[in-house]
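Undergrad: Below is one structure. I have some questions about it.
Here, each number is a calculation from the coordinates, and none is a lab measurement. Small disclaimer: the values here were computed from a predicted structure and weren't measured. All Cβ positions, even for glycine, are placed from backbone atoms using ideal geometry, and neighbour counts span all protein chains on display.
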Amino acid sequence: MTVKVIHWGLGAMGGGMAKLLDTKTGVESVAAIDADPNKKGKTMAQLLGVKSQAAINDDAAEVLKTEADVVIIATGSFTREVFPQIEQAVKAKKNVICIAEEMSYPRQQEPELGEKIHQLALANNVTVLGTGINPGFVLDLLIVAMTGVCYNVTDIKASRINDLSPFGPTVMKTQGVGTTLEEFNAGVEAGTIVGHVGFPESMAMIASALGWELDEIRQTKEPIIAKKYRETPHVKVEPGMVAGCRHIAYGIKDGKTLITLIHPQQVRPENEGVETGDFIEIHGEPNINMAIQPEIPGGIGTIALAVNSIPNVINAKPGLVNMTQLPVPPALLADVRTLINK
Ligand code: NAD
């Protein structure tokens, strides 16, 4: 008996997960759901070059009749958007791994839906986990793990400085790349330039793990103005225009900032000598300084975390869980069946 996985969403992330899973032992892709007319009707083998001959279907109710241990959902970013999919998968008695950013800690922005997911998971005896590179790892789980070697922690400052150059037009628009300063400010005001999705969730994950009750999470979004010309296949940025968004979040308690998370995202950072990386400073006893250069690649990291979390989610107690509540997932190198203990 292999561990059986259904994929819901076979885009850049979900497709990558199916390909990664294809290289693993003791686990197989048994079915897939995708609404894209260019994907449905094809087999997974035809679309992705994997072994699975499962046909891609947009009839979720039908697909979810397939016997499976886990459904991996990689369709959207927001809890409200993926909730109907989670509900349907959970009612079909499947564990769920979801990479929607808000699902890394859904109770933060959608407390009612978070509680609903938890109760549904309990009633159906399955586990629901949100994961991904960020939120889900770099600016939350990794920080929490590093505090494990501390006697005490007074405050935390961490940054993920990354390169947006590989991404397409949607990311350029949501980060304001290629806009003028006026357009950037108007976009932030109107909510069309969103910056990073996931700061409240990362803050909540860190604070709840450490037992800190934050009074307030404050966020700022500033334009990164290019001094030199920058270009990608999707955008041209003249000097004086916006090359990215510096999004910062502050977790505040009793007027003191306990957590600062900094995420400047821009195209061609190397043009102006900006070195990318993931940096964590924990102030306490002892002080911890961690630097990962360059940054952990977001796509690979997200695909790997979703697949590597399969045994953890099957083994976990039922309910809604976040990444800090499960063992840290190792790379899935062993036969997956040997890692399942129920
Ligand atoms: P994508 O657009 O390449 O793929 C999404 C796929 O889902 C598409 O094939 C689409 O047809 C399918 N889909 C969407 N809604 C559907 C529905 N209701 N039913 C069936 N199929 C549906 O996107 P992606 O790059 O693969 O990313 C997926 C999501 O994951 C995005 O919202 C992204 O922001 C998020 N994400 C989170 C993290 C993280 O760190 N937590 C990292 C990467 C991506």
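Undergrad: I'd like the antiparallel share, as a percent to the nearest 5, of DSSP beta bridges with both residues in region 2-96.
TA: Just about 5 percent of them are antiparallel.
Undergrad: Calculate, in nm to one decimal, what ALA331 and GLU222 gain on full extension: separation in residues at 0.36 nm each, minus their alpha carbon distance.
TA: So the extension gain works out to 35.6 nm.
Undergrad: Quick check: Cα centre of region 64-139 to Cα centre of region 23-40, how many Å?
TA: 18 Å
Undergrad: With just the Cα atoms defining each centre, how far is region 302-342 from region 230-286? Give it in Å.
TA: About 30 Å separates the Cα centre of region 302-342 from the one of region 230-286.
Undergrad: Report, by chain and number, residues whose modeled amide H sits under 5 Å from the one on GLY319, excluding near sequence neighbours (fewer than 5 apart, same chain).
TA: LEU122, VAL126, THR127, VAL128
Undergrad: Can you tell which of ILE206, ALA306, ALA186 lies farthest toward the positive end of the dipole of the chain, using +1 and -1 charges on the Cβ of basic and acidic side chains (Lys, Arg; Asp, Glu)?
TA: Projecting each Cα onto the dipole axis, the largest value belongs to ALA306.
Undergrad: May I pose another question? Which value in nm describes the separation of the simple spin-label points at LYS93 and LYS317, placed 7 Å from the Cα toward the beta carbon?
TA: Rounded to a tenth, the inter-label distance reads 2.2 nm.
Undergrad: Rg(Cα) of region 246-342 divided by 2.2 N^0.38 Å?
TA: 1.43
Undergrad: Here's something else I'd like to know. In deg cm²/dmol and to the nearest 500, what is the mean residue ellipticity at 222 nm of the chain if only DSSP H runs of at least 4 residues count, each as -39500 (n - 2.57), divided by the residue total?
TA: Taken over the chain, the calculation gives -8500 deg cm²/dmol.
Undergrad: For region 72-78, take each phi angle, set θ = phi - 60°, evaluate the Karplus expression 6.51 cos²θ - 1.76 cosθ + 1.60, and give the result in whole Hz per residue in order, putting x for glycine and proline.
TA: These are the phi-based 3J(HN,Hα) values: 9, 9, 9, 10, x, 10, 10 Hz.
Undergrad: For the chain, what is the percent of antiparallel DSSP beta bridges, rounded to the nearest 5?
TA: Of all bridge pairs located within the chain, approximately 60 percent are antiparallel.
Undergrad: Within 10 Å, count the other beta carbons around each residue, average over each peptide in 67-77, 249-259, 282-292, 96-106, and list them highest first.
TA: Final packing ranking: 96-106, 67-77, 249-259, 282-292.
Undergrad: Which of the lysines could be linked to LYS227 by a straight reach, that is with a Cα gap under 29 Å, when you skip same-chain ones fewer than 8 residues away?
TA: Reachable lysines: LYS157, LYS173, LYS236.
Undergrad: Please list, or write none, the lysines whose alpha carbon is within less than 21 Å of the alpha carbon of LYS24, excluding same-chain residues fewer than 8 places away.
TA: Reachable lysines: LYS4, LYS51, LYS94, LYS342.
Undergrad: Quick query: amide H of VAL50 versus all other amide H atoms, modeled in the peptide plane; which residues come in under 5 Å with a sequence gap of 5 or more or a different chain?
TA: ALA45
Undergrad: Going 7 Å from the Cα of GLU67 along its beta-carbon direction, which residues of region 94-132 have the amide nitrogen within less than 19 Å of the resulting point?
TA: Counting backbone N atoms under 19 Å from the label point, the list is 94-96, 125-126.
Undergrad: Can you list the DSSP H helices in the chain whose Cα atoms extend at least 18 Å along the helix axis and whose mean Kyte-Doolittle hydropathy is -1.0 or higher?
TA: Those that clear 18 Å and a mean of -1.0 are 111-124.
Undergrad: Of all GluC sites (Glu not before Pro) in region 249-330, which ones are in loop regions per DSSP and have a Cβ with at most 15 other Cβ atoms within 10 Å?
TA: Passing sites in region 249-330 are GLU275.
Undergrad: Once you order the gyration tensor axes a ≥ b ≥ c over the Cα atoms, which shape class does region 75-197 get: rounded for a/c under 1.5, otherwise prolate or oblate by comparing a/b with b/c?
TA: It is oblate, given that a/c is not under 1.5 and a/b is not larger than b/c.
Undergrad: Show the residues, 5+ positions off or on another chain, whose built amide H is closer than 5 Å to the amide H of ALA92.
TA: Residues meeting the amide H criterion: none.
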